[in-house]
Amino acid sequence: MPHILTTLALLALSGLAGFAAQAIGTPLPFMLGPLACSALIATALPRHLPQGYRFPTWLRLVFIAIIGLMIGSQVTPALFTEAHHYALTLGAVTLFVGLAHGLGYAVFRTLGGYDSTTAFYASTPGGLYESIEMGEAAGADMTRLMMQQFLRIIVVVTLLPLGLSLWLGAPVGSAAGQSLARGDVPWSDLPLVALAGLAGLALGHALRLPAGQMTGPMAVAALLSLTGWLSFDIPQWLVNLAQMVLGTALGMRFTGLSRGLLLRGAGLALVSVGGMLAIGVGLAALLQRMTNEPVDVLVISLAPGGVTEMALVALSLQANPAFVTLHHIYRILLTVVALGVITRLRQRTE
């Protein structure tokens with residue numbers, strides 16, 4: 001019972017933090033607001049939490065599925081109108097993954113002083129949960145690995161929308177009120193959303209898809225959208241609730257971390273993510289000459305994290321959010337596959 005009450009209290013506080021973040025125009029307010037709130041509680045007030053408390057994993061998985069459904073529903077035939085450019089753009093993502101991983105490894109190994117195993121898994125530009133799972137099996141320092149992976153996403157989804165807002169002179173993404181959801185979805189559609197989410201979770205588990213809790217529902221929603229068998233929209237309040245739950249779960253990952261360690265990790269994240277974004281900008285500038293795609297859309301497509309927020313930013317730029325999402329899915333899948341291959345090679349040489 002104390003754990004249930006703690007979870008409800010955390011979600012209530014996170015909801016207030018989400019509305020506060022929305023009021024001041026923060027990108028992804030219903031994720032970053034709750035994340036900041038729960039991270040503050042986890043690092044400053046850990047003694048006030050019940051002994052052994054962990055945010056419920058099943059609750060996080062349910063709402064990750066909702067985000068997957070939202071993204072998958074944006075996959076329409078229009079996505080394939082730019083298919084003739086995909087060889088170039090996906091090739092750039094492939095190059096980006098290798099360069100970004102190498103840069104991140106160098107930062108954590110030299111500046112951070114991390115051991116090689118921890119630096120390797122902490123520096124992947126995608127595959128959050130897979131990196132943590134494989135890193136734990138390989139003997140990485142789990143405190144630092146989890147901290148750096150979560151900070152990577154936090155830094156990207158915070159700095160990139162803010163940077164684009166300054167560059168373009170206007171808010172972008174969720175700070176501009178953009179959304180992939182609708183506010184007028186009838187309650188009668190919710191059973192369809194629930195069934196699609198359950199089917200997606202089952203598919204992801206059965207096929208052992210990378211990040212299956214998201215990619216499974218995403219695949220189901222994309223199939224329904226492309227075939228026209230069934231059309232449904234995700235209500236805005238449900239997307240906000242999903243982001244709030246995910247933000248709270250992320251923030252609680254910092255339970256037990258000292259402020260000194262967290263500040264050092266944040267500094268390393270700023271350096272590594274800054275370098276990754278610089279690589280992305282350089283590749284985007286080259287791609288723009290070959291594809292005539294807007295350079296800002298290409299930068300978003302190459303950013304190392306934040307699938308949902310990058311899709312929202314793309315929407316505010318009048319770009320196809322599914323185009324951006326496709327490249328992020330490819331980045332994640334490529335990172336996870338490469339990570340698995342390299343992990344097996346490392347195991348054979350040890």
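The values are calculated or read from the model by the stated rules, or taken from the named source; none is laboratory data. This one's a predicted model, so the numbers in the text were calculated from it and none came from an experiment. Note that each Cβ is placed from the backbone with ideal geometry, even for glycine, and that neighbours are counted across all protein chains shown. Just so you know, the surface numbers come from the protein's heavy atoms only, side chains and all, with ligands and any DNA or RNA stripped out. Shrake-Rupley method; radii C 1.70, N 1.55, O 1.52, S 1.80 Å.
Take the residues of the range 261-284 that are without any contact (Cβ under 8 Å) to a residue 60 or more places away in the chain and open to solvent by 50 Å² or more (accessible area, probe 1.4 Å): which is farthest from the chain's Cα centre (by Cα)?
My answer is 263.
Of everything in the range 54-96, what is among the β-branched types (Val, Ile, Thr) and assigned to a helix (DSSP H, G or I)? Give them in sequence order.
The answer is 57, 62, 64, 66, 67, 71, 81, 89, 93, 94.
Got a number for residues in the range 135-149 being over 22 Å from residue 270 (Cα atoms) and assigned to a loop (DSSP other than H, G, I, E, B)?
Adding up the residues that qualify gives 1.
Which of the numbered conditions does residue 223 fail, given that it passes all the others? Conditions: (1) open to solvent by less than 60 Å² (accessible area, probe 1.4 Å); (2) in a helix (DSSP H, G or I); (3) under 24 Å from residue 130 (Cβ atoms).
Checking residue 223 against (1) open to solvent by less than 60 Å² (accessible area, probe 1.4 Å); (2) in a helix (DSSP H, G or I); (3) under 24 Å from residue 130 (Cβ atoms), the one that fails is (1).
Output the residues belonging to the range 223-244 that are touching a Ser or Thr at 6+ places or on another chain (Cβ under 8 Å) and at pLDDT 85 or above.
244
Could you look through the range 37-71, keep only residues that are among the polar types (S, T, N, Q) and farther than 27 Å from residue 201 by Cβ, and pick out the one that is least open to solvent (accessible area, probe 1.4 Å)?
Filtering first and then ranking leaves 43.
Please find, within the range 113-138, the residue that is farthest from residue 338 (Cα to Cα) out of those that are at pLDDT 90 or above, of a type in the set (Gly, Ala, Ser) and surrounded by fewer than 23 Cβ atoms within 10 Å (Cβ to Cβ).
If we take residues in the range 113-138 being at pLDDT 90 or above, of a type in the set (Gly, Ala, Ser) and surrounded by fewer than 23 Cβ atoms within 10 Å (Cβ to Cβ), then 113 is farthest from residue 338 (Cα to Cα).
Tell me, please, whether a residue that is among the hydroxyl-bearing types (Ser, Thr, Tyr), farther than 30 Å from residue 19 by Cα and more than 19 Å from the chain's Cα centre (by Cα) can be found in the range 325-345.
Within the range 325-345 (the criterion being among the hydroxyl-bearing types (Ser, Thr, Tyr), farther than 30 Å from residue 19 by Cα and more than 19 Å from the chain's Cα centre (by Cα)), the answer is yes, since at least one residue qualifies.
Considering the range 14-38 alone, what residues qualify as being within 17 Å of the chain's Cα centre (by Cα) and assigned to a helix (DSSP H, G or I)?
29, 30, 31, 32, 33, 34, 35, 36 - these are the residues of the range 14-38 that are within 17 Å of the chain's Cα centre (by Cα) and assigned to a helix (DSSP H, G or I).
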